Amino acid sequence: MSMILIQAALVIYGIAIMIVLYRVIAGPSLPDRIVAFDSIGAMVMSSVSIICLIMDTTLFLEAILIIGVLSFISTIATSRFIERGVIFERKR
């Protein structure tokens, strides 16, 4: 019974990723696209953890950490770009 629920959760995450992917492609503004892309990162991390449960392994936990760090860095970088127009500031 619990394996059926775990697999159903994986399917639901897949559907949710497809719905949010539409928001990334056809978002009305750039901040909406950034938020949608960040939520895709969170859903991918959750999907990978569900795959870890299904396969009964801990080998993918490093991948979850890498996805989380990359998602965080990309969100910060794009937010800084929207706010200031540059990602890195040069001081002379």
Looking only at region 24-56, which residues are touching a Phe, Trp or Tyr at 6+ places or on another chain (Cβ under 7 Å) and without any contact (Cβ under 8 Å) to a residue 40 or more places away in the chain?
Val24, Met43, Ser46, Ser47, Val48, Cys52
Evaluate region 57-76: report whether one residue or more is in a helix (DSSP H, G or I), polar (S, T, N, Q) and in contact (Cβ under 8 Å) with a residue 40 or more places away in the chain.
yes
With (1) open to solvent by 40 Å² or more (accessible area, probe 1.4 Å); (2) closer than 18 Å to Ser79 by Cβ as the list, and Gly41 as the residue in question, which single condition is left unmet?
(1)
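Every residue, every condition in (1) surrounded by 16 or more Cβ atoms within 10 Å (Cβ to Cβ); (2) modelled with pLDDT of 95 or more; (3) of a type in the set (Val, Ile, Thr); (4) farther than 17 Å from Gly68 by Cβ, yes or no:
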site: Ile15; (1), (2), (3), (4): no, yes, yes, yes
site: Ala26; (1), (2), (3), (4): no, no, no, yes
site: Arg33; (1), (2), (3), (4): yes, no, no, yes
site: Phe37; (1), (2), (3), (4): yes, no, no, no
Sort out which residues of region 55-78 are open to solvent by 50 Å² or more (accessible area, probe 1.4 Å), at negative phi and of a type outside the set (A, V, I, L, M, F, W, C), and write them in order of number.
Thr58, Glu62, Thr78
Does Val24 satisfy the criteria of being under 27 Å from Arg84 (Cβ atoms), of a type in the set (Val, Ile, Thr), part of a helix (DSSP H, G or I) and out of contact with any helix residue (DSSP H, G or I) (no Cβ under 8 Å at 6 or more places or on another chain)?
no
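The values are calculated or read from the model by the stated rules, or taken from the named source; none is laboratory data. Computed from a predicted model, the values in this text were never measured in an experiment. Cβ: placed from backbone, ideal geometry, glycine included. Neighbour counts: every protein chain shown. Heads up: the accessible areas ignore ligands, DNA and RNA and are worked out on the full protein's heavy atoms, side chains in. Shrake-Rupley method; radii C 1.70, N 1.55, O 1.52, S 1.80 Å.
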